[in-house]
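First up is the structure itself, then whatever we jot down about it.
The numbers here are math on the coordinates, done by the rules we state, and not lab data. Here the structure is a predicted model, which means the values were calculated and not measured. Quick reminder, even Gly has a Cβ in these numbers, built from the backbone with ideal geometry, and neighbours come from all protein chains shown.
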Amino acid sequence: MKPDQVGHIMTTAVLSVDVREPITEAIRLFAYYPVHHLPVVDKSRIVGMLSTADMLKLEYFVPKGSIPTATALVNDKFHIDQLMRSPVITATPYDTISDAAQRMSSHGIHALPIVNELNHLIGIVTTTDIMNALLSGIAIETAPASKDQVEIKQPTEHRLAHALEAARSALQRGDDRHATAACLLYLHERNSLLETLRHDVERYVRNGQDERIHTQILKDIDKLDQQQHAALALRL
């Protein structure tokens with residue numbers, strides 16, 4: 001298993017619920033275990049996903065009164081397959097961490113069930129796992145340096161500022177035949193966006209997964225996507 005693959009960071013002891021179980025079993029699992037996402041299976045095959053947000057919908061239908069009455073009513077009115085999200089967005093252990101992160105961002109989800117070739121549930125990856133991978137430096141696999149590679153040194157702040165100003169001037173003059181200036185400015189902007197994302201991810205992990213920071217991280221990812229789409233549209 002390569003360091004940049006999902007199988008390297010996924011949780012294999014996955015809590016799940018069978019699609020035929022009463023809805024109160026899902027409620028019980030969420031109450032007793034520190035999880036926010038619950039894969040729904042049918043004989044080990046993944047068929048749906050439940051979240052704590054899905055369970056909140058039930059509060060409006062639970063009557064005030066005895067627990068047995070409320071339990072019977074909820075089980076009678078609701079079934080797991082009615083509340084679960086399906087079809088399920090999944091990944092395999094051999095997908096890259098970057099691909100998994102992109103999939104979660106594109107679909108607005110915070111957990112990704114990991115399945116084998118038979119679509120059987122074998123693990124799960126959450127946004128927290130992705131962030132920890134990013135902070136530990138394993139999200140991107142780097143190729144070993146070859147003898148033919150040119151050594152690239154980090155420029156001084158003054159030289160970088162001078163290069164960026166020269167790139168802007170070249171674009172204004174229309175003197176960028178090989179798109180070197182455009183690429184430099186694009187990469188500089190992307191690096192700034194990635195640094196902002198890295199900073200917010202670190203705050204999120206260190207400050208107890210604050211929901212406001214989580215929202216900001218999603219905005220950071222959207223900005224990265226928008227920048228990339230804009231570059232593609234310009235055929236950069």
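Observations on the structure shown:
- Relative contact order, percent, the stretch 6-136 [alpha-carbon distance under 8 Å, six or more residues apart]: 32 percent
- Spacing of the two label points (7 Å from each Cα toward its C-beta) at H120 and D81, in nm: 2.2 nm
- On the principal axes of its alpha-carbon atoms, the stretch 6-136 has extents of 49, 30, 24 Å, going from largest to smallest.
- The stretch 155-176 and the stretch 85-100: distance between their alpha carbon centers, rounded to Å: 40 Å
- Pair H107, A72: separation of 7 Å Cα→Cβ label points (nm): 3.9 nm
- As a proxy for reagent exposure, E195, E157, E25 were ordered by neighbouring Cβ count within 10 angstrom, fewest first; the result is E157, E195, E25.
- Bridgeable aspartates and glutamates around K43 (alpha carbons under 14 Å apart, same-chain partners fewer than 8 residues away excluded): D18, E21.
- Straight-distance crosslink candidates among aspartates and glutamates, where the alpha carbon sits under 16 Å from K57 and sequence neighbours closer than 8 are dropped: E25, D76, D81
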